Amino acid sequence: MFKKILIANRGEIALRVIRAAREMGVATVAVHSTADSDAMHVRMADESVCIGPPPGTESYLSIPAIISACEITGAEAIHPGYGFLSENAQFVEIVESHGLKFIGPSADHINMMGDKITAKDTMKTLGVPCVPGSDGGVPDLETAQKVGAEVGFPLIVKATAGGGGRGMKLAKTPADLETAFMTARSEAKSAFGNDEVYLERYLGAPRHIEVQVFGDGKGNAVHLGERDCSLQRRHQKVFEEAPGPAIDVATRAEIGATCAKAVAEIGYEGAGTIEFLYENGEFFFIEMNTRLQVEHPVTEAIFGVDLVKEQIKVAAGEPMSFKQDDLEVGGHAIEVRINAETFPAFAPRPGKITQYHAPGGLGVRMDSALYDGYSIPPYYDSLIAKLIVHAPDRPAALARLSRALGELIVDGVETTVPLFHALLQEDAVLSGDYNIHWLEGWLDGQDGS
Ligand code: ADP
């Protein structure tokens, strides 16, 4: 096992990794920008290194600064958290060329899944169901029209280098295709420096279902069921739950086995998430994230596992601590992402926390880097807390969520807590009958959005 690891991240996810490492007897190094000198992850780690000024590009994304911090402190491995450098294959190569271990998959696997056309081709070959569409990239309008005639409309034009919901254009009818194709290409070129696009059938009312997978890098892999993350605003998840209200035991076993087999076959190492759109009982692969997800705690809750410890273990060359047969769903878990933003306008509100009280009690987990007197810097993501509840069934989890939200006090800044109080009054949320468009539609009906 490693003696010391460095966490190339900040906020709640840096704390999450520090906590896992400490329980394993592994020392931790925090890195931070000058804006984060007083941050909780800096206080909680065994050591810390200031790696640059506030902008992420000059600190948390600065590869030389992070490698130097490892060399100064003698850290042997780097946990990237999510975001920042977590899916940067070049970073992984540089880490390895310095004799350090990246806690996560290989650069090759990150590259393979980072290019969406390659990812889709790979998944198709591995027997994972994909959205019908073009066979690879579409070089010109003529080809796009031919594919359109075969696949049917509506269609979505997507950038192979796309991410974060960008680089996608909808063509409702054949008449829209030229504009959608041309604008998707030029936007992809300016946003990602790569204008390659592909076409997919547009699904009208799917759910977002993602399967958690975990591999040891030696050809063994398991799945840990699914999460339903259909409640999204601008393609950003705000409320996630496991198990998925629309997925039964047989469906979970089948799609889970397909996903576990796929990642076992490629020799994938560590945590990964295979994302699907799910409509009329069918799964359609959209992308694979080669890292720990923000919403991983709901999976940890229902399976009783620690995914971060597991990541560190397999990175150190140890075997996984569970096999597929050990993994059984227990109860229901829900996570809400609390941002320092106004509701319903969602305007960022960084500032000083004058009072903070976290909820507690049975089945309540608060992953947050907040504390009394903390000043939220304006430079980073506005996520300030993840509240996760776990209960024997979905109605009990919803009641627990409502109870826990009622106990939470965050004074000094506005937060999106009122969104969740409001959602817990909605029939669609209470019954679990929603799709990826439901939240946007509901928000359109709210004052001030
Ligand atoms: P990104 O990497 O930018 O997040 P994804 O491929 O994961 O892109 O898609 C993001 C979101 O866009 C999905 O969660 C879904 O809401 C929507 N989307 C993507 N592909 C389709 C499709 N074929 N039909 C309908 N919606 C889609």
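Observations on the model:
- Filter result for A205 (within 10 Å of the ligand (Cβ to nearest atom), in contact with a strand residue (DSSP E or B) (Cβ under 7 Å, 6 or more places away or on another chain) and under 25 Å from I266 (Cα atoms)): no
- Here the range 271-294 is the region considered, the condition is being farther than 24 Å from D115 by Cβ and assigned to a loop (DSSP other than H, G, I, E, B), and the residue that is farthest from the ligand (Cβ to nearest atom) is G281.
- The residues listed here are I63, I72; of these, the one that is open to solvent by 20 Å² or more (accessible area, probe 1.4 Å) and either farther than 25 Å from V294 by Cβ or hydroxyl-bearing (S, T, Y) (or both) is I72.
- Looking only at the range 143-190, residues that are charged (D, E, K, R) and touching a helix residue (DSSP H, G or I) at 6+ places or on another chain (Cβ under 8 Å) come to 4 in all.
- Leading residue by the ranking (farthest from the ligand (Cβ to nearest atom)) among those in the range 129-182 that are farther than 25 Å from N280 by Cβ and of a type in the set (K, R): K146
- There is at least one residue in the range 257-268 that is more than 13 Å from the ligand (Cβ to nearest atom), surrounded by fewer than 23 Cβ atoms within 10 Å (Cβ to Cβ) and within 19 Å of F102 (Cα to Cα).
- In the range 302-360, the residues that are basic (K, R), surrounded by fewer than 16 Cβ atoms within 10 Å (Cβ to Cβ) and touching an Asp or Glu at 6+ places or on another chain (Cβ under 8 Å): none
- Test: residue in the range 370-389 that is within 16 Å of the ligand (Cβ to nearest atom) and within 22 Å of the chain's Cα centre (by Cα): yes
- Conditions (1) over 17 Å from G81 (Cα atoms); (2) in a loop (DSSP other than H, G, I, E, B); (3) of a type in the set (A, V, I, L, M); (4) within 16 Å of the ligand (Cβ to nearest atom): number failed by I247: (4)
- The residues in the range 121-171 that are in contact with a Leu (Cβ under 7 Å, 6 or more places away or on another chain) and among the small types (G, A, S) can be counted, and the count is 5.
- Residues that are among the aliphatic types (A, V, I, L, M) and either away from the ligand (no atom under 16 Å from the Cβ) or surrounded by fewer than 24 Cβ atoms within 10 Å (Cβ to Cβ) (or both) within the range 210-230 comprise V213, A221, V222, L224, listed in sequence order.
The values are calculated or read from the model by the stated rules, or taken from the named source; none is laboratory data. This is a predicted model, so every value here is computed, not measured. Positions of Cβ are generated from backbone atoms using ideal geometry, with glycine treated the same way; all protein chains shown enter the neighbour counts. Side chains are part of the model used for accessible areas, which takes the heavy atoms of the whole protein and leaves out ligands, DNA and RNA. Shrake-Rupley method; radii C 1.70, N 1.55, O 1.52, S 1.80 Å.
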